[in-house]
Amino acid sequence: MCQRIAEGTRWSKCGHFQRHLVVAIVDCNTYKCERSYLHPKGCRDPGCIKNFGPDIQKDVDTVKDDCFQCRAAAARKVPA
């Protein structure tokens, strides 16, 4: 299945990746993948892959903290 190369921020404490931009697409060269150039036009096979595979993550910046969602989840766990 084809994949996108995504640039973004890596949050080093929790390890999550925040995508900012898709810079390229890697073609899997499979005729069963609808995203590939090799997929036949007008194909009606329901077994063909319709979605991209997992992003190839390219870190363009690293933040030494938890991501926003992890910080919000931690704040909700703190007893009031």
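The criterion of being out of contact with any strand residue (DSSP E or B) (no Cβ under 9 Å at 6 or more places or on another chain) and either open to solvent by less than 50 Å² (accessible area, probe 1.4 Å) or modelled with pLDDT of 95 or more (or both) holds for residue 73.
Residues checked against (1) of a type in the set (A, V, I, L, M, F, W, C); (2) open to solvent by 80 Å² or more (accessible area, probe 1.4 Å); (3) more than 30 Å from residue 74 (Cβ to Cβ); (4) at pLDDT 95 or above:
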{"site": "6", "(1), (2), (3), (4)": "yes, no, no, yes"}
{"site": "9", "(1), (2), (3), (4)": "no, no, no, yes"}
{"site": "17", "(1), (2), (3), (4)": "yes, no, no, yes"}
{"site": "23", "(1), (2), (3), (4)": "yes, no, yes, yes"}
{"site": "28", "(1), (2), (3), (4)": "yes, no, yes, yes"}
{"site": "39", "(1), (2), (3), (4)": "no, no, yes, yes"}
{"site": "42", "(1), (2), (3), (4)": "no, no, yes, no"}
{"site": "48", "(1), (2), (3), (4)": "yes, no, yes, yes"}
{"site": "58", "(1), (2), (3), (4)": "no, yes, no, yes"}
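Residues checked against (1) in contact with a Pro (Cβ under 7 Å, 6 or more places away or on another chain); (2) without any contact (Cβ under 8 Å) to a residue 12 or more places away in the chain; (3) basic (Lys, Arg):
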position: 7; (1), (2), (3): no, no, no
position: 15; (1), (2), (3): no, yes, no
position: 18; (1), (2), (3): no, no, no
position: 36; (1), (2), (3): no, no, no
position: 39; (1), (2), (3): no, yes, no
position: 44; (1), (2), (3): no, yes, yes
position: 59; (1), (2), (3): no, no, no
position: 64; (1), (2), (3): no, no, yes
position: 71; (1), (2), (3): no, yes, yes
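Residues that are aromatic (Phe, Trp, Tyr) number at least 1 in the following strands (runs of 3 or more DSSP E) confined to the chain: 3-11, 17-26. Which of the residues spanning the range 15-68 are over 12 Å from residue 2 (Cα atoms) and of a type in the set (Asp, Glu)? Selection gives 45, 59, 61, 65, 66.
The values are calculated or read from the model by the stated rules, or taken from the named source; none is laboratory data. A quick note: this is a predicted structure, and the numbers were derived from the prediction, not measured. Here Cβ is always computed from backbone atoms with ideal geometry, including for glycine, and neighbour counts include all displayed protein chains. Note: accessible area is taken over every heavy atom of the protein model, side chains too, but ligands, DNA and RNA are not part of it. Shrake-Rupley method; radii C 1.70, N 1.55, O 1.52, S 1.80 Å.
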